[in-house]
Structures are given as C-alpha cells and as structure tokens.
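Here the structure is laid out as structure tokens; the discussion comes afterwards.
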Amino acid sequence: MRSKIVAGNWKMNKNMEETEALLIELSAKLPDTKAEVMVAPTFVNLAAAVRNLETSRIEVIAQNMHFAESGAYTGEISADMLLNIGVDTCIIGHSERRAYFGETDEILAKKVKTALEKGIRVMFCFGEELEDRKSGNHFSVVESQLKNALFSLESSDWSKIILAYEPVWAIGTGETASPEQAQEMHAFIRKTISEAYDGSVSNNVSILYGGSVKPGNAEEIFSKPDVDGGLIGGASLVSDDFVAIINAI
Ligand code: PGA
C-alpha cells in the first residue's frame with residue numbers, strides 16, 4: 001500500500017524565529033491523520049526544526065543536497081550532513097533548482113544515486129513547462145525526465161522514492177492543473193513506471209501533485225485515484241492553510 005503524503009516546501013522563506021513559530025503552530029493544530037506530514041525548512045533552520053519536532057509526527061525533510069560525498073563544493077550540503085542532524089528524506093529536482101541553478105537530468109540522476117546509497121529517501125520532482133503542454137509534448141517531457149533520472153534504478157530502490165509531479169506553469173502562479181489533468185498525468189506516470197519495471201513498483205510508489213494547491217482545491221485534487229497527496233509551496237507557509245490541506249487528505 002502506498003502512503004498518503006502532504007509535504008510543505010518552505011523554499012527560501014522564514015527566518016529562525018518564524019520557522020520555530022510556524023512549527024509550534026503546526027504541531028498544535030496537526031489533525032489526526034494517517035497521512036505522512038513533512039516540512040522542508042531552509043538549510044540553516046533544519047537542525048533546529050528537527051529538535052523542535054522531536055516529539056511530533058511531522059517529519060523534517062531537506063530541499064536539496066549535493067551528489068558528492070564531501071569536499072570542495074562551496075555552499076553545498078552532503079547526504080551525510082543531513083543524516084547527521086536526523087534528516088533522511090530530501091527533495092531532489094525541484095523545478096526551481098532546474099531553472100535557476102542549472103540542474104540537469106544528469107546531475108539529478110547523480111543526486112538520486114548518492115541519496116539512495118546513503119539511505120536517504122528521495123522526493124523526486126519533475127513536470128513540464130507551459131510550452132510543452134501547449135504543444136502537446138507534456139507526456140513525452142515527463143517520460144524523459146523520469147527515464148533520465150530514475151529508470152536505471154533497481155526495482156528495490158523504488159521503496160525509497162516518492163514522486164512529485166509539478167507542472168512548472170502551476171508553481172506559484174495561482175494556476176492549478178485541474179483535478180482531471182492531474183489524474184491523467186499521474187495515471188500516465190504510473191503506466192510508464194509499470195512498463196519500465198512492473199505493476200508492483202508502479203502501484204506502490206506515492207505520486208504527489210504540486211502547483212498552487214490551496215485549501216479550496218486540495219480535496220478535489222486529492223480525491224483522484226492516482227494522486228497520493230501534495231507538495232505544497234506558498235500555502236504551507238500559513239499554518240491554517242497547510243492544516244486545511246492536510247485535513248483534505
Ligand atoms: P506552490 O509551490 O504551491 O507555491 O505552487 C509548489 C512547489 O514549488 O513545490
């Protein structure tokens with residue numbers, strides 16, 4: 001059985017006091033849910049967030065990591081550093097990393113490999129740009145993103161993979177894929193994985209939707225059979241909104 005997951009990607013938002021305040025609010029308001037709830041604060045606040053949530057069900061995850069073990073990579077963070085502070089899940093391949101920091105499929109494949117070797121669970125993000133959708137290439141773009149970064153993995157590696165389909169045109173724009181568009185793509189992703197591996201891999205991987213999920217649209221998106229939860233940006237920065245989205249699952 002695949003897990004239901006709601007994760008908040010806080011991106012480059014919230015200083016230390018704000019991070020702590022939001023974590024306290026979330027812990028106090030967290031509904032009773034079987035879903036896994038995760039938050040990804042900025043690197044400088046990760047260790048404090050782990051300490052703050054020691055007794056909470058909310059998991060602290062990282063927004064990014066480097067593929068190298070250690071060494072001369074100024075400004076970067078290694079898998080071991082994350083594990084050392086108690087973080088064992090990491091977002092890899094977010095569209096902002098791809099667009100602003102030049103992360104290619106090849107780099108992402110290396111990051112995924114290192115993460116899995118180190119025992120870090122990967123939340124792998126991918127999704128098409130607006131032009132791809134307009135020109136009808138969205139399925140082939142998504143297929144190649146998956147293939148290039150993930151399809152050299154062993155079947156057994158997939159128990160450590162969470163997928164987050166995030167159409168770039170819906171991220172932070174207020175424009176959301178319709179529940180039907182999300183379901184159509186998630187079903188395509190599952191079919192693609194099942195063809196590359198088998199039905200047990202494709203049925204067991206959680207596929208989250210991301211892109212302007214809000215309290216007002218979460219329930220309808222999450223009700224689709226192949227949507228196993230969401231990766232939430234803007235709305236995860238406001239405790240009442242994030243809690244409403246968790247409730248929607
Ligand atoms: P958004 O961001 O919810 O603000 O659109 C989603 C994401 O980037 O993961």
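Please treat every number below as a calculation from the coordinates, not as lab data. If you're wondering where the values come from, they're calculated on a predicted model, not measured in any experiment. In this analysis, Cβ positions are derived from the backbone assuming ideal geometry, glycine residues included, and neighbour counts consider all displayed protein chains.
Backbone geometry of segment 233-246 corresponds, through the Karplus equation with coefficients 6.51, -1.76 and 1.60 at θ = phi - 60°, to 3J(HN,Hα) couplings of x, x, 6, 7, 8, 10, 4, 5, 5, 5, 5, 5, 5, 4 Hz, x marking Gly and Pro.
Only Lys, Arg, Asp and Glu carry charge here, each on its Cβ (+1 for the first two, -1 for the last two); on that basis the chain has a dipole of about 240 debye about its Cα centre. Using the Karplus relation 6.51 cos²θ - 1.76 cosθ + 1.60 with θ = phi - 60°, the per-residue 3J(HN,Hα) values for segment 3-17 come to 7, 8, 9, 10, 10, x, 9, 7, 6, 9, 10, 6, 7, 4, 5 Hz, with x marking Gly and Pro. For segment 1-29, the residues whose amide N sits under 16 Å from a probe point set 7 Å from the Cα of Tyr100 along the beta carbon direction are 9-15.
Of all the options Leu153, Leu208, Leu231, the one that moves most in a Gaussian network model of the chain with Cα springs shorter than 10 angstrom is Leu153. Separation of segment 1-69 from segment 174-248 is 19 Å, based on Cα centroids. With the cut-off at under 20 Å, measuring from each backbone N in segment 65-98 to a point 7 Å along the Cα-to-Cβ line of Met12 picks out 65-67, 73-78, 91-98. For the chain, modelled as a GNM whose springs connect Cα atoms under 10 angstrom apart, the maximal fluctuation among Ser236, Ser178, Ser27 occurs at Ser178.
Straightening the chain between Lys191 and Phe139 buys 17.6 nm, computed as 0.36 nm per residue apart minus the Cα-Cα spacing. Pairwise inverse Cα distances across segment 57-194, averaged and inverted, put the Kirkwood hydrodynamic radius at 15.7 Å. Once the C-beta distance of Ser155 and Asp32 is scaled by a Förster radius of 25 Å, the resulting FRET efficiency is 0.15 to the nearest 0.05. Per residue, the convex hull spanned by the alpha carbons of the chain comes to 117 Å³. Using a Gaussian network model of the chain in which every pair of alpha carbons under 10 angstrom is joined by a spring, one finds that among Gly71, Gly127, Gly230 the greatest mean-square fluctuation is at Gly71.
Determine, from the Cβ-Cβ distance of Arg51 and Glu180 and an R0 of 41 Å, the FRET efficiency 1/(1 + (r/R0)^6), rounded to the nearest 0.05. About 0.45, to the nearest 0.05.
Taking label positions 7 Å along the Cα-Cβ direction at both Lys110 and Ser3, the computed distance is 2.9 nm, reported to one decimal.
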